[in-house]
1. When the residues of segment 88-143 are filtered to those that are in contact with a Cys (Cβ under 7 Å, 6 or more places away or on another chain) and aliphatic (A, V, I, L, M), which remaining residue is nearest to residue 34 (Cα to Cα)?
2. Taking only segment 95-123 into account, find how many residues are part of a loop (DSSP other than H, G, I, E, B) and touching a Pro at 6+ places or on another chain (Cβ under 8 Å).
3. Determine whether segment 87-95 contains at least one residue that is aliphatic (A, V, I, L, M), in contact (Cβ under 8 Å) with a residue 12 or more places away in the chain and over 18 Å from residue 138 (Cα atoms).
4. State which residue is farthest from residue 77 (Cα to Cα) when the search covers only segment 119-146 and only residues that are within 14 Å of the chain's Cα centre (by Cα) and free of Cβ contacts under 8 Å to residues at least 24 places away in the same chain.
5. Test residue 39 against the criterion of being at pLDDT below 95 and either of a type outside the set (A, V, I, L, M) or out of contact with any Lys or Arg (no Cβ under 8 Å at 6 or more places or on another chain) (or both), and give yes or no.
6. If you check 137, 39, 71, which single one turns out to be among the small types (Gly, Ala, Ser), touching a strand residue (DSSP E or B) at 6+ places or on another chain (Cβ under 7 Å), in a strand (DSSP E or B) and on the phi > 0 side of the Ramachandran plot?
7. Just wondering, is there one or more residues in segment 75-88 that are under 10 Å from the mean Cα position of the chain (by Cα), part of a strand (DSSP E or B) and either buried (at least 16 other Cβ atoms within 10 Å of the Cβ) or among the small types (Gly, Ala, Ser) (or both)?
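The values are calculated or read from the model by the stated rules, or taken from the named source; none is laboratory data. The structure presented is a predicted model; accordingly, all values stated were derived computationally and were not measured. Methodologically, a virtual Cβ is constructed for each residue, glycine included, from the backbone with ideal geometry; neighbour enumeration extends over all protein chains shown.
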Amino acid sequence: MRSHIGRLVMVIALTVLFGVATEGTAQGQPTCSNASLQGSYGLRATGITGAGGNFAAVGRFTFDGKGNLTGRLFVRVAGNNVEVDFTGTYSVSAECIVDDTWNTPGGPSTHKSIIVNQGRGYFILNNTSGDGSVISGEAKKQFLEE
């Protein structure tokens, strides 16, 4: 009788443990879309340009939730200050991975980002083909008082 009760307790424990693990996995999987990026975000990025110069930037990006973005960057590169306004497009996968293209006066640039904190921020990496720069950054959602 004791071994039967022991097995029953073990089966119940494993069932509960499996149920908790399955529930945690299901809840832990984000589901994103273009609508996951909507509104304005403040960005900061640093790195090294393809020419070997230091790069730092802050900026403001606005996403429309439908795949279009606008941005303004304030850049410090090679001892010079540059302000850049641009438009672009973005696409968000269900796994919350973002691919974007910025149409800047100097030509298009592409980036890979990961949405974090339920759309309240993202991590970004420049991955423009043929560009030797190593630049990455982080953006946070702006919550402006109305």
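1. Here the residue is 92.
2. Step one: filter segment 95-123 for residues part of a loop (DSSP other than H, G, I, E, B), giving 95-96, 105-106, 120.
Right, trim to touching a Pro at 6+ places or on another chain (Cβ under 8 Å) and you get 95-96.
Final tally of qualifying residues: 2.
3. Residues of segment 87-95 aliphatic (A, V, I, L, M): 92, 94.
Then keep just the ones that are in contact (Cβ under 8 Å) with a residue 12 or more places away in the chain; that gives 92, 94.
Checking which are over 18 Å from residue 138 (Cα atoms) leaves us with 94.
Yes, that holds for at least one residue.
4. Going through segment 119-146, the residues within 14 Å of the chain's Cα centre (by Cα) turn out to be 119-127, 136-141.
From what is left, the residues that are free of Cβ contacts under 8 Å to residues at least 24 places away in the same chain are 120, 123, 125, 127.
On the way: 120: 28, 123: 21, 125: 17, 127: 18 Å.
That would be 120.
5. Working: at pLDDT below 95: no; either of a type outside the set (A, V, I, L, M) or out of contact with any Lys or Arg (no Cβ under 8 Å at 6 or more places or on another chain) (or both): yes.
In short, no.
6. On the way: 137 fails: on the phi > 0 side of the Ramachandran plot; 71 fails: on the phi > 0 side of the Ramachandran plot.
It is 39.
7. Within segment 75-88, the subset under 10 Å from the mean Cα position of the chain (by Cα) is none.
No: zero hits.
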